[in-house]
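To keep things clear, I will list the structure first and then write my remarks on it.
The values are calculated or read from the model by the stated rules, or taken from the named source; none is laboratory data. Here the structure is a predicted model, which means the values were calculated and not measured. All Cβ positions, glycine included, derive from the backbone under ideal geometry; neighbour counts span all protein chains shown. Surface areas here come from the heavy atoms of the whole protein model, side chains and all, with no ligands, DNA or RNA. Shrake-Rupley method; radii C 1.70, N 1.55, O 1.52, S 1.80 Å.
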Amino acid sequence: MAPHPATVYQIVVKGELDPSWSDWLDGFEIARGVTPRGACTTLLAGTISDQSSLRGILNRLWDLNLEILAVNQVCEE
Amino acid sequence: MMPLVRTKLYIPRGRQELVPRPRLVARLNQGLLTPVILISGPAGFGKTTLLAEWIRQGEWTPAWISLDEGDNDLMRFLSYLVTALNNVEPGVYQTALEMLQSPQPPPAERVLTAVINAVDQAHLQETTSSYLILILDDYHLITSNVVHTAMTFLIDHLPERMRLVISSRADPPLPLARLRARAQLTELRAADLRFSMEETTDFLNRIMGLNLEPAEMRALATRTEGWAAGLQMAAVSLQGRADLENFIKAFTGSNRYILDYLVEEVLGRQPQHVQSFLMKTSLLKRLNGELCDYLLEEEHQPDRIDHKLAWSGQEILEYLENSNLFIVPLDDQRQWYRYHRLFADLLNKRLDQTHPGLASTLHERASHWFECHGLITEAVDHALLAEDWKRAANMIEEVADGLLLHGEIGTLAGWLDRLPAGLVRSHALLDLYQVTCLIFSGQSHAAIEEHLKRIECQHPQRLAEITVLRAYVALFQAQFSMVEELAREALSRLPESSAFFQSTLFWIQGFSRLNVEDLNTRADLLQTLAEKSKIMGSLMFTVITLCQLAEVRMGQGQLVQARDLYQKALETAIAPDESLLPVAGQAKIGMGHILREWNQLDQAIRYSEQGIELVGKWQPMAALDGYFNLAWSFKALGDAEKAHAAIIKAQQMAQAYDVTEIDDRIVAFVHARLDFWQGDLQAIQRYLDEMQSAIPLGEEIQSEFLSQGMRDSLDYRMRKYEQIALARALIVQQQPAEALALLDTLVAKMREQGRIMMLIEIQILRAEALHLQGDTEEAQGTFEEALRLAEPGGFMRTFMDEGPWVTEFLQSAISRGVCTEYAGRVMDALGISLPTPAHKLVSPPAGLVEALSEREMQVLRLLNSSLSIPNIAGELTVAVSTVRTHVKHIYAKLDVHSRLEAVAKAQELDLV
């Protein structure tokens, strides 16, 4: 299996997270979002090298008791 | 063993300022009716606090373990488990404790079984609760499968008076579904753990004294969603604040991550030096005043005016504890604390933001402090986090010996993996330790040798240790004379200081000497080894040694003694609750072999099958002998298909196991012999051709046999078996002279080496060959020698398998008065009735194949009464389930199916 290039993931958590958290979360970019119902969310987007590092980020979010709403892999053209 | 950290076993004290949660405590008390309680909820939900409250109210003392990542090392985990239990019930768990302190780490199941037994038999003296409660906090930190497996074992065998409480942030990979289905699990989940409106009100107004309006209360409850950590922070933020209303408005109106918001609030209101303290010490897993002072030492500048205002580490800790801020006490003496994980993360992050790069320095200081205080595990952890590789490497080198001796491979391997590869390679010992870990974790021997070669090149001064490891690998490959050579070499050069390598060497030597060809010597060595291993306290080693000794006795023709040794092995490998440990499988298979020889074929099959199943969990390759037993047993019963199936299974196993060729060769050999017996007369020759194991006939044989160079080769060890097989083939092909040539060379050697079992077979064949040649008298004489050799052991199938021609010889022997009773028995088994009615037909040896253990005898005697099973359990003060297991085994051993039958049989055999 050929090694594939770094993949982009998008994670959505409930509530507002400061951009200052970016470093703590492996440099993921942090942006505001909103659910269809109008609840505040935070979009985190960044590249991961492998599934283990994704796991690491999810664990960190989980350790802070943040509710994870979505995790998506974003395919690049 | 790395010293245990006492604070991990410290039961957290409930704090008075916290909200009582009676509904949850009631749930927990109710939960004691089920064997397992699971508290599963994310960080900050107050799981530990709840448990502390429950314990405080319960007036009983649990066994408590605060788990951390280090507990993924199975040995450490077990050590903490047993110690925690021992703290609650001192003196009860001696056996388990001793096991853990022995040089050879026992399998987890063995330790847990000892614990389970101890629980069953102990009587609590001074507590009102009848339960023994084991609480594991932070179970989500356990990721190791072997620990999960051990826990599953514990759950599956949980004694009736024991209760297991697991607190975790996520559902653990344990058999929860099964427990749920059987209503054996009580769960408290996030929804349960959330603060209700009532509890929120109680907390904020009554305990924190805030006096909020209902609307404000509701707003806060909604914003925090009943999350304990959030509520607590909110309360702290609100305390001492003049303008509550505005704060609450701002707070509840914001969507910002609640902890971010609140922690910033709370932090911002702390004095500067406390803020600094919090951030910098947050990277410690546990902290005390002295350590904190040391960590922050560079901060103290004696010239600064406000130095007098700065508090000491201890003072700050007590302040934080009293203010209910961020930290949790780990003992009663206000000595050790730790940060609530949630806040540690937050503070860590702030540290990185405000002082980038400082963390590394702080880790280093922490590492120094721990090292000075002899707390090496933590010193290493911090050194690794500081990426101070050199220091970490040095410390690891110091403690590695101890870790290896006590089987804490996981810890050591984990540390070594975190060091840069280049560094490990430049440190000879570390490199060696890493390779040792690889050997233990089953890496291929070819790869290991590559590593060893590399190390030899780089660090020739470590040849002694390298040699020990080579000897170890050679032992696995059954290259025994090489092992001995290497061991001798290593011994002469090994520095005294290296405890691990020294004791490995001792063990290797013990085992390697075993493959001396002379069985009498081997038996003596094994006796000594068996005694030594008892002293070393290694149970598995004792069982293996007993099995080896039994095998030697078999070879010496002493079948009854062999049977007794296997019996002893089975009794040693059994816990009083009669669950057999996997290593016992070898004894079962050995028994199967003996039973087959005694023509008790159904029993032989049963034992072999049981043995195969058991060894699967210990050392799958040991099952090969079991399959061979099965093949020969089925053949004797005339079931060619099943015999063939068994061999195919063996073949598949051998092919799958890549590490050595020995097994493939042996399987091929047995296969060839089986085919030969079933009519394929060329099978043996074909096998020899394939193996290119040409057996020269004539003079060449003598010299080759004596050639030392071949001593340890597979060829050499297989040679005698192959010669015999070939001789048999030659006889069938009407070439008795050639057959005799082969066999004659073996006779003296086999006698010399005490290999009676082989000698019997050889003499029988020689008798046949001689008879073919027309040397009738010599033939009869030879046959009779075989009889005499075989009589003490009661060999049956060795004669029976040869075919109907033996009856003539047996008859002659009887008429000449040689071993009449024994020969008669063999005739009997062959289904031949004797022509002279004057001869008594003696029935085959009656009695039990496998003797009853003492416990079983006790139960059996009580079965011979009107007591019900529960009453018997009461009499013997064991659990009912235990008695039922004993009964099951008794029925099996007596070969009966009911209590009545059992009693009848017992009376018949004079057991009761």
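Computed on chain B, the Cα convex hull volume stands at 195 Å³ per residue. The overall shape of the stretch B:329-432, judged from the alpha-carbon gyration tensor, is oblate: a/c is not under 1.5, and a/b is no greater than b/c. Using the average count of surrounding beta-carbon atoms within 10 Å as a protection proxy, the listed peptides B:70-79, A:22-31, B:394-403, B:779-788 rank, highest first, as B:70-79, B:779-788, B:394-403, A:22-31. Taking only the Cα atoms of the stretch B:173-215, the ratio Rg/Rh comes out at 1.33, with Rh defined as the Kirkwood radius. Here is the size of chain A from its Cα atoms: Rg then Dmax, 12.7, 43 Å. Couplings for the stretch B:763-779, taken from phi via the Karplus curve 6.51 cos²θ - 1.76 cosθ + 1.60 with θ = phi - 60°, read 5, 4, 5, 4, 4, 5, 4, 4, 4, 4, 6, x, 7, 4, 5, 4, 4 Hz in order; Gly and Pro are left as x.
Shielding of peptide A:66-72 by partners, expressed as the average count of other chain Cβ atoms within 10 Å per residue Cβ, is 1. Taking every DSSP helix (H) stretch of at least 4 residues in chain B, weighting each as -39,500 (n - 2.57) and dividing the sum by the residue count yields a mean residue ellipticity at 222 nm of -19500 deg cm²/dmol.
Quick check: from the Cα gyration tensor, does the stretch B:177-321 come out rounded (a/c under 1.5), prolate or oblate? It comes out oblate by the Cα gyration axes.
With 10 Å² as the minimum drop in accessible area between chain alone and full protein complex (1.4 Å probe), the qualifying residues in the stretch B:235-263 are B:N255, B:R256, B:Y257, B:D260. Amide hydrogen proximity for B:R163: with H placed 1.01 Å from N in the peptide plane, the residues at 5 or more positions away or on another chain lying under 5 Å are B:L132, B:I133, B:L134. The order of the peptides B:557-570, B:251-264, B:89-102 by mean Cβ neighbours within 10 Å, most packed first, is B:557-570, B:251-264, B:89-102. Put simply, the amide H of B:W64, placed in the peptide plane, has neighbours under 5 Å in B:I135, leaving out anything fewer than 5 places away on its chain. In chain B, the portion of solvent-accessible area held by carbon and sulfur atoms comes to 51 percent [1.4 Å probe, whole percent, DNA, RNA and ligands not counted]. The mean number of Cβ atoms from other chains found within 10 Å of a Cβ in peptide A:14-22 is 4, as a whole number. For the stretch B:139-251, the equivalent ellipsoid built from the Cα gyration tensor has semi-axes of 41, 14, 12 Å, listed from largest to smallest.
At a probe radius of 1.4 angstrom, the accessible area of the protein assembly as shown per residue rounds to 44 square angstrom. Solvent-accessible surface (1.4 Å probe) assigned to B:Y131 amounts to roughly 60 Å².
Over the protein assembly as shown, the alpha carbon radius of gyration divided by the compact-protein estimate 2.2 N^0.38 Å works out to 1.19. Relative contact order for chain B using alpha-carbon pairs under 8 Å, separation at least 6, rounded to a whole percent? Reported as a whole number, the value is 8 percent. Note on B:L876 and B:E908: the model spin-label points, each 7 Å out from Cα along the C-beta direction, lie 2.3 nm apart. Interface B-A: total buried accessible area of about 1500 Å², 1.4 Å probe, protein heavy atoms only.
Were the residues from B:A447 through B:Q685 laid out at 0.36 nm apart, the gain over their Cα-Cα distance would be 82.1 nm. Pairs exceeding a 28 Å alpha-carbon distance, out of B:K453/B:K749; A:K14/B:K249; B:K588/B:K642: B:K453/B:K749. Between helix B:376-385 and chain B there is an angle of about 70 degrees, using the helix long axis and the longest principal axis of the Cα atoms.
In terms of the Cα gyration tensor, with a ≥ b ≥ c the square roots of its eigenvalues, is the stretch B:6-62 rounded because a/c is under 1.5, prolate because a/b exceeds b/c, or oblate? Judged from the Cα gyration tensor, the stretch B:6-62 comes out rounded (a/c under 1.5).
Shown are B:T354, B:T807, whose ranking by accessible area with a 1.4 Å probe and every protein chain present, most to least, is B:T354, B:T807.
In the stretch B:317-361, the residues whose accessible area drops by at least 10 square angstrom when the other protein chains are added to the isolated chain are B:R341, B:L342, B:D345, B:L346, B:N348, B:K349, B:D352, B:Q353; the probe is 1.4 Å and only protein heavy atoms count. Residue-wise HN-Hα couplings along the stretch B:73-79, as the Karplus relation 6.51 cos²θ - 1.76 cosθ + 1.60 with θ = phi - 60° gives them from phi, are 7, 4, 5, 5, 4, 5, 4 Hz; Gly and Pro carry x. When each of the peptides B:56-66, B:894-904 is scored by the mean number of other C-beta atoms lying within 10 Å of its residues, the order from highest to lowest reads B:56-66, B:894-904.
Of all DSSP-defined beta bridges confined to chain B, some 20% are antiparallel rather than parallel.
Close amide H contacts of A:T7 (hydrogens built in the peptide plane, cut-off under 5 Å, sequence separation of 5 or more or a different chain): A:I48.
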